[in-house]
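Let me begin by presenting the structure, written as structure tokens, before commenting on it.
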Amino acid sequence: MPRLLMINSSGRHTRSVTRSLTRQFAERWLAAHPAGELTERDVTLQPPTVVNEAWIASAFAPPQDRSPVAQAVLSESELLLTEIEEADALVLGVPMYNFGLPSQLKAYFDQIIRVNRSFGFDPQAPNPYQPLLTDKPVTIIVSVGDGDLLPGGPLSQLNFLEPHLTTMLNFIGLNSIEFVRVGYEEFQDGRLKRALKSAEQAIAQRAAA
Ligand SMILES: Cc1cc2nc3c(=O)[nH]c(=O)nc-3n(C[C@H](O)[C@H](O)[C@H](O)COP(=O)(O)O)c2cc1C
């Protein structure tokens, strides 16, 4: 049974561009995959735990040396990674906050980027880092207040969101990424209307693929 994992990270639950578009994506994806199932992960309603001393010690300990307590510390990371592994496709809703990603989504990535679980590390190897997850389609729906920050725009050098997301996903093996972008949410003018229209078209195509 095909499965879509939908990850939302906007701080708002009303008026959110990204939440409305991830929902549209999920509806279209389910229409195109009638036997499909949806897993929803909301990192704002349920913020992932920030990594701490115990998490780091457990993550870097060899699995056979992990105490039951150390295993319990990693259970959240394990659950989030299993959700990704069980999915056939991912859709992420990501607002730009202060030129980067929302902190609750960064906490999510800190939980899922884990040595010997989602990436391998061998300091002796010519390429010390090996991604360990299987690639699958990842659609990232981004909304920004000022569309000049989007690729090709006059402020695009200040967009740390997209390179950061791409780097983290590629690092663990998720390479088939497509961005759907909405600009000018804070300007509320014709540019926003046009951006929403083209985002909806891109979503319809990508969700049915
Ligand atoms: C805390 C915060 C920080 C923001 N930082 C930026 C920013 O750096 N650049 C920008 O263009 N818009 C910024 N915005 C605007 C959001 O990116 C924009 O409103 C977007 O549509 C939010 O996504 P949402 O509609 O899904 O909630 C910020 C909004 C908030 C709430």
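Values in this text are rule-based calculations from the coordinates and carry no lab data. Nothing here was measured: the structure is a model prediction, and the numbers come from that model. Here the Cβ is made from the backbone with ideal geometry for all residues, glycine too, and neighbour counts use every protein chain on show.
Observations
- Of all DSSP beta bridges in region 3-208, antiparallel share, percent nearest 5: 15 percent
- Here each label is just a point 7 Å from Cα along the line to Cβ, and for residue 75 and residue 15 those points are 3.9 nm apart.
- Scalar couplings 3J(HN,Hα) for region 114-121, obtained by applying the Karplus form with A = 6.51, B = -1.76, C = 1.60 to θ = phi - 60°, are 9, 4, 6, 10, 10, 8, x, 9 Hz; x denotes Gly and Pro.
- Overall dimensions of the chain, expressed as equivalent-ellipsoid semi-axes from the Cα gyration tensor (√(5λ), whole Å, largest first), are 31, 20, 16.
- Each peptide in 69-81, 51-63 receives the mean, over its residues, of other Cβ atoms within 10 Å, and ordering these scores from highest gives 69-81, 51-63.
- For region 113-158, the alpha carbon convex hull comes to 151 Å³ per residue, rounded to a whole number.
- For the chain, calculated [θ]222 nm from helices alone, where every DSSP H run of n ≥ 4 adds -39500 (n - 2.57): -12500 deg cm²/dmol
- Computed from backbone phi with θ = phi - 60° and the Karplus coefficients 6.51, -1.76 and 1.60, the 3J(HN,Hα) list for region 149-154 is 7, 6, x, x, x, x Hz; x is used for glycine and proline.
- Cα-derived Rg over Rh, computed across region 7-57 with Rh taken as Kirkwood radius: 1.15
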